[in-house]
Structures are given as structure tokens and as C-alpha cells.
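Peer 1: Got a structure here, written out as C-alpha cells. Questions coming.
The values are calculated or read from the model by the stated rules, or taken from the named source; none is laboratory data. Note that the coordinates shown come from a computational prediction; the quantities given were computed from them, not determined experimentally. Methodologically, a virtual Cβ is constructed for each residue, glycine included, from the backbone with ideal geometry; neighbour enumeration extends over all protein chains shown.
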Amino acid sequence: MIRINCPFCGERDHSEFAYGGDASVQYPALDAPAEEWHEAVFLRQNIRGKQAETWHHVSGCRMWLVVERDTLTHEIHSVRAAHDGYRRALDGSTETAAESGQ
Ligand SMILES: [Zn+2]
């Protein structure tokens with residue numbers, strides 16, 4: 001059983017969440033060639049070990065999260081809000097992503 005510590009709701013069973021996919025994918029510009037979109041949408045690595053994933057708290061706060069999970073052991077290393085604005089609000093920071101260089 002996987003337990004995910006939602007930063008908004010607290011620790012919940014993974015059955016409350018929907019898996020959203022690899023969080024490390026960088027999507028191309030809207031006018032990028034079809035090959036780049038094909039690679040971004042359909043081609044994935046099958047990582048053995050720690051991987052960043054997006055999860056949607058469907059039966060809770062309905063927020064998107066980035067969960068760093070070990071695909072071998074299912075151990076969860078970190079959970080954070082996927083959207084910069086919510087992440088900054090939780091951290092109490094007023095610094096924007098551009099200001100921090102991220
Ligand atoms: Zn939640």
C-alpha cells in the first residue's frame with residue numbers, strides 16, 4: 001500500500017489519487033515539429049529507482065502533486081504541489097520562479 005502525504009490534506013491512501021505520468025517530461029512549443037511532440041507524449045523511460053511523477057488528488061483537494069517515488073520499493077521521498085504558485089504559498093515564499101532562477 002502506498003501512502004501519499006498530500007501537502008494540502010495530509011497523509012492519504014494512494015487509492016484517493018490518480019497517477020498522472022512522468023513529471024520530468026518537458027513539452028515542446030506548440031508549433032514544434034510532430035516528432036518532438038511524439039517523443040514528449042508517447043516515449044517514456046522505464047526507470048528502475050527514484051522517479052518524479054505527477055499525481056492528482058482526485059478524491060481529496062483535487063490538486064496536482066509531484067511525487068518523488070522509488071519504482072522498485074514504492075518508497076516516497078518527497079511530495080510537493082505541482083504548480084509554482086501553490087508551492088510558494090505552502091512555503092510562505094513570495095519569490096517567483098523567475099526570481100529564483102527556476
Ligand atoms: Zn490533497
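Peer 1: Go through the range 32-50 and report how many residues are surrounded by 10 or more Cβ atoms within 10 Å (Cβ to Cβ) and under 17 Å from the mean Cα position of the chain (by Cα).
Peer 2: 5
Peer 1: Give the residues of the range 16-31 that are assigned to a loop (DSSP other than H, G, I, E, B) and either in contact with a Leu (Cβ under 9 Å, 6 or more places away or on another chain) or surrounded by 12 or more Cβ atoms within 10 Å (Cβ to Cβ) (or both), sorted by residue number.
Peer 2: If the condition is that a residue be assigned to a loop (DSSP other than H, G, I, E, B) and either in contact with a Leu (Cβ under 9 Å, 6 or more places away or on another chain) or surrounded by 12 or more Cβ atoms within 10 Å (Cβ to Cβ) (or both), then PHE17, ALA23, SER24, VAL25, PRO28 are the ones that fit.
Peer 1: Could you look through the range 14-32, keep only residues that are hydrophobic (A, V, I, L, M, F, W, C) and more than 16 Å from the ligand (Cβ to nearest atom), and pick out the one that is farthest from SER78 (Cα to Cα)?
Peer 2: ALA32
Peer 1: In this structure, is TYR86 within 14 Å of the chain's Cα centre (by Cα) and either loosely packed, with under 14 Cβ neighbours inside 10 Å or of a type in the set (Val, Ile, Thr) (or both)?
Peer 2: No; evaluated as a whole, the condition is false for this residue.
Peer 1: Before we move on, is GLU11 within 16 Å of the ligand (Cβ to nearest atom), without any contact (Cβ under 8 Å) to a residue 12 or more places away in the chain, outside any helix (DSSP H, G or I) and not β-branched (Val, Ile, Thr)?
Peer 2: Yes: the conditions hold for GLU11.
Peer 1: Shifting gears a bit: Restricting to the range 44-73, name every residue that is in contact (Cβ under 8 Å) with a residue 12 or more places away in the chain and within 12 Å of the ligand (Cβ to nearest atom).
Peer 2: TRP55, HIS56, HIS57, VAL58, SER59, GLY60, CYS61, MET63, TRP64, LEU65, VAL67
Peer 1: Just to check your reading of the model, which residue among GLY10, GLY92 is surrounded by fewer than 14 Cβ atoms within 10 Å (Cβ to Cβ) and at pLDDT below 95?
Peer 2: GLY92
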